[in-house]
1. Taking 10 °C and 1.306 mPa s as the conditions, I'd like the Stokes-Einstein D for the stretch 78-181 in µm²/s, using the Kirkwood hydrodynamic radius from alpha carbon pairs.
2. How do 126, 218, 242 rank by accessible surface area computed with a 1.4 Å probe, from largest to smallest?
3. If you count, for each residue, the other Cβ atoms within 10 Å and average over each peptide, how do 103-110, 79-86, 229-236 line up from highest to lowest?
4. Rounded, prolate or oblate, given the Cα gyration tensor of the stretch 219-370, with a/c below 1.5 counting as rounded?
5. Can you tell me the order of 63-69, 249-255, 313-319 when each peptide is scored by its average per-residue count of other Cβ atoms within 10 angstrom, highest first?
6. Hey, what's the stretch 207-273 come to in accessible area per residue, 1.4 Å probe, Å²?
7. Percent of accessible area on the stretch 120-207 owned by carbon and sulfur, 1.4 Å probe?
8. At a probe size of 1.4 Å, how large is the accessible area of residue 36, to the nearest 10 Å²?
Amino acid sequence: MAAFLGALKKLSICLILWLNTLPFLQGGSDYYEFKYPFIKRASSFWASSSSFSSSNTDEASYDYIIVGGGTAGCPLAATLSQNFSVLVLERGGVPFSNVNVSFLSNFHIALADTSPTSASQPFVSTDGVINARARVLGGGTCINAGFYTRANSGFIRRVGWDERLVNESYPWVEKQIIHQPKLAQWQGAFKDSLLDVGVSPYNGFTYDHIHGTKVGGTLFDRFGRRHTAAELLASANPKMLTVLVYATVQKVLFDQTGRRPMAMGVIFKDENGNQHQAFLTNNRRSEVILSCGAIGTPQMLMLSGIGPKAELNKLNISMVLRNEFVGKGMADNPMNSVFVPTNRPVEQSLIQTVGITKMGVYIESSSGFGQSQDSIRCHHGILSAEVISSTID
């Protein structure tokens, strides 16, 4: 009898615990999907456009509004939130529950996914080059090959950045999302080949940009799981940060009463197509920061009325500020690919070993993505992963 009562007591405790957990299982899907409490759907934004005016209150305003929660937007939001209120608007969803993003074995599947809500958005340039851009919180770190290296110190000096501050910033990222790879067999053979053809010396594992052959860092941990820039948001002050996903910004709003137009807020649409407005605080230091990528940022400027006069007139966009350089001078890194077909199964690997020549050329390699059972057979240009490939970038 005592044993029965003891078992009944344990069952009651388990039942109470299960009932306490039930709300999370029933109505808490966002809790698991979004990972952090400050990440919400854009439709949860309480202030509709009709409830705003130019005399906005502090309740509906932010010190900084960041358009684009990508590779740059996420760490920027995390650091700014230590001292300021920050709103991040990201047009895509979250990477945490997306298996195509999260696992190395699905790298090619994520790129081949052309559905409207995929993390990867395919496009073709005006000169016919097939490519992809990110549409997800974390940006390019969610769809790229995951290789990590520090910048060329010469480049940092040329662009005028504070070299000391840059070098202090690297470890902040590396401690959170960068890993030392377990060298795949193909990557080891590729290392030997680079050294055989004179891409030397061998510098071992290092984050630094050094001429020769080296093994660099990776976003993939030892289990093959990807860690993206979205995880840098863990360093944010959650009380000062709001991240809205599925928030597609339409334009930046400007106060044009002064000598020069001043950004004052943004208009964005949520996942249901409803329109909202968000405003900056009445602080001279407040800013709308465009972090939409090399294509999205000039596009957003022009949608907001900043750009070449002829282009804005052609699109019937009212000009806020004429700037003939917006959208011009766009260039991508040239890449040559060598594909090596094989009828033998090869271990899947992404970029781990690279050769860096004194001319600044990167030589890298991936392998095995055409061998998996779930391999997608579709053409997506130089990103096709149906065979072993090596690239010169």
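1. Stokes-Einstein gives a translational diffusion coefficient of 97 µm²/s.
2. 126, 242, 218
3. 229-236, 103-110, 79-86
4. Verdict is prolate for the stretch 219-370.
5. Details: 63-69: 25.0, 249-255: 18.9, 313-319: 10.7.
Top of the packing list down: 63-69, 249-255, 313-319.
6. 47 Å²
7. Summing carbon and sulfur atoms, their accessible area is 53 percent of the total for the stretch 120-207.
8. 40 Å²
The values are calculated or read from the model by the stated rules, or taken from the named source; none is laboratory data. Computed from a predicted structure; not experimentally measured. Note that each Cβ is placed from the backbone with ideal geometry, even for glycine, and that neighbours are counted across all protein chains shown. Areas reflect the complete protein model, heavy atoms only, side chains present, ligands, DNA and RNA absent. Shrake-Rupley method; radii C 1.70, N 1.55, O 1.52, S 1.80 Å.
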